[in-house]
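Enquirer: Dropping the structure in here first, questions after.
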Amino acid sequence: MEKQPLKASEIKENYSLVDLLTHLGYEPVKRIHNEQLYLSMLRDSDTTPSFSVNDKQGTWFDFGEGKGGNIIDFGLQYWKGLPFPEVLEKIVLTCGGLVPVLGPQIYKRQPSAEKEPNYEILDIKNLGSNAAILNYLESRGVGQVAEGRLKEIYYYVEDEDKKRNNFFAAGWQNEHGAWEIRNLNFKGCLGHKAISFIPNSEKKLAVFEGFFNYLSWLTENPFAADSVLVLNSLSLLQAGIFKAQDFRDIALYLDNDQSGRQATLDFTSALPWAKDRAGIYRGYNDYNDLIVAGRTNYELNR
């Protein structure tokens, strides 16, 4: 199917600027009535919150620049140089939406601020009590290093008939306190997407797309002194770049697929001293695929 041209009017109606900023990794510093104030992400020199968003009206204003507008005007300022249609696509994809295609189904996103969550976390435990979770982590080759870094998450999801279905998964926490969850049959996030950061060295930083790749790297580098940044989603690449900018030795362990390669180019374009380390798992999609393949080969040759 061909892509249907995105309409600016539909994006302004159905997409929240606050939601977009959250997905980009920005949180308000202050809230005053209907306005949320941020440190301006359009200027590097902002030290006091001077970027105001009125999400009810769908407008923003940067007092330092004397500029403002709607969500599309923001996109044009944030992704300067991109053609107008690509800015519209960036907004949709960053917010986790779908780009509409020609066909019988019409996609329309409901603003996330109006959508009540249909899940609830029931319990959070240390690893060890659930054999199914432990076996899953072992199958991914990270059973030993997961201890103390992941949790067992027990939760329910409510279906359209208000019936509660109970689930459990391995959980990895992000900076917003939300949980990236994984089990044999499911991957998702309970709460708002955000990056995860583990401070250590002030100079060295290792960057990963997902936490399984971080844990895979850790199995081979158990005594590494690097600080660690896990994006948890490539939609948070800009937030990751912002977090990484103060480190002088940056190693990128992003995927070898098309989106991972493009993200690596974007990262090194913004921070030219960052080094691409994906050659370590050349021939595999990511670091975890390498670890799983090595574990499988070891078992076959025992």
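Enquirer: If you average 1/r across every pair of different Cα atoms in the chain and take the reciprocal, what Kirkwood value do you get, in Å?
Expert: Roughly 21.2 Å, rounded to one decimal.
Enquirer: Let me ask something else about it. For a Förster distance of 45 Å, can you work out the FRET efficiency between the beta-carbons of Trp273 and Phe186, rounded to the nearest 0.05?
Expert: 0.75
Enquirer: Moving to a separate point now. For Asp161, Asp44, Asp289, give me the order by solvent-accessible area with a 1.4 Å probe, most accessible first, ignoring ligands, DNA and RNA.
Expert: Result, largest first: Asp44, Asp161, Asp289.
Enquirer: While we're on this one: Per 0.36 nm of contour for each residue apart, how much would the distance between Phe197 and Phe63 grow if the chain were fully extended, relative to their Cα-Cα spacing? Write out the running numbers ahead of the final one.
Expert: On the way: separation 134, 0.36 × 134 = 48.24 nm, distance 3.06 nm.
Once the chain is fully extended between Phe197 and Phe63, it gains 45.2 nm.
Enquirer: Of the options Pro28, Gly188, Ser216, report the single residue whose Cα projects farthest towards the positive end of the charge dipole of the chain (beta-carbon charges: Lys, Arg +1; Asp, Glu -1).
Expert: Ser216
Enquirer: Show me the ranking of peptides 138-144, 70-76 by mean Cβ neighbours inside 10 Å, starting with the highest.
Expert: Listed from highest to lowest mean packing, they are 70-76, 138-144.
Enquirer: Now, a different point. Say each of Arg43 and Phe84 gets a label point 7 Å from the Cα, pointing the same way as Cα to Cβ; how far apart are those two points in nm?
Expert: Once both label points are built, they end up 2.8 nm from each other.
Enquirer: Take the Cβ-Cβ distance between Lys12 and Tyr156 as r, set R0 to 35 Å, and report the resulting FRET efficiency rounded to the nearest 0.05. Provide the component values of the computation, followed by the final result.
Expert: On the way: r = 35 Å, r/R0 = 1.01.
E between Lys12 and Tyr156, to the nearest 0.05, is 0.50.
Enquirer: Using +1 at the Cβ of each Lys and Arg and -1 at the Cβ of each Asp and Glu in the chain, identify which of Tyr281, Met41, Leu127 lies farthest towards the dipole's positive end.
Expert: Of Tyr281, Met41, Leu127, it is Tyr281.
Enquirer: Something else now. Using a Förster radius of 45 Å, what is the FRET efficiency between Arg31 and Ala225 based on their Cβ-Cβ separation? Nearest 0.05, please. All intermediate terms of the calculation are to be shown ahead of the outcome.
Expert: Values: r = 38 Å, r/R0 = 0.86.
For Arg31 and Ala225, the calculated efficiency is 0.70.
Enquirer: Taking a ≥ b ≥ c as the square roots of the eigenvalues of the Cα gyration tensor of the range 194-285, is the shape rounded (a/c under 1.5), prolate (a/b larger than b/c) or oblate?
Expert: It is rounded, given that a/c, with a ≥ b ≥ c, falls under 1.5.
Enquirer: Run the simple label-point estimate for Asp73 and Gln258 please: 7 Å along Cα→C-beta, distance reported in nm.
Expert: 3.5
Enquirer: Here is a further query. Quick check for me: using +1 on Lys/Arg Cβ and -1 on Asp/Glu Cβ, what's the dipole size of the chain about its Cα centre, in debye to the nearest 20?
Expert: Dipole magnitude for the chain comes out near 240 debye.
Enquirer: Also: What is the distance, in nm, between label points placed 7 Å from the Cα along the Cα-to-Cβ direction at Ala131 and at Leu93?
Expert: Between Ala131 and Leu93, the simple spin-label model gives 4.4 nm.
Enquirer: I've got another one for you. Compute, for the range 235-300, the length of the dipole vector about the Cα centre, with Cβ point charges of +1 (Lys, Arg) and -1 (Asp, Glu) only. Units Debye, rounded to 20.
Expert: Using only the charged Cβ atoms, the result is roughly 160 debye.
Enquirer: To the nearest 20 debye, what charge dipole does the range 173-302 have about its Cα centre, counting +1 at the Cβ of each Lys and Arg and -1 at the Cβ of each Asp and Glu?
Expert: Roughly 100 debye for the range 173-302.
Enquirer: Related question: Can you compute the helix-only [θ] at 222 nm over the chain? Use -39500 (n - 2.57) per DSSP H run of at least 4 residues, normalise by all residues, nearest 500 deg cm²/dmol.
Expert: After summing the helix terms and dividing by residue count, I get -8500 deg cm²/dmol.
Enquirer: Between rounded, prolate and oblate, where does the range 148-302 land on the alpha carbon gyration tensor, with a ≥ b ≥ c its root eigenvalues, rounded for a/c under 1.5, else prolate if a/b exceeds b/c?
Expert: oblate
The values are calculated or read from the model by the stated rules, or taken from the named source; none is laboratory data. Here the structure is a predicted model, which means the values were calculated and not measured. Don't worry about glycine lacking a Cβ; one is built from the backbone with ideal geometry, like all the others, and counts go over all protein chains shown. Heavy atoms of the whole protein, side chains included, go into the accessibility calculation; ligands, DNA and RNA do not. Shrake-Rupley method; radii C 1.70, N 1.55, O 1.52, S 1.80 Å.
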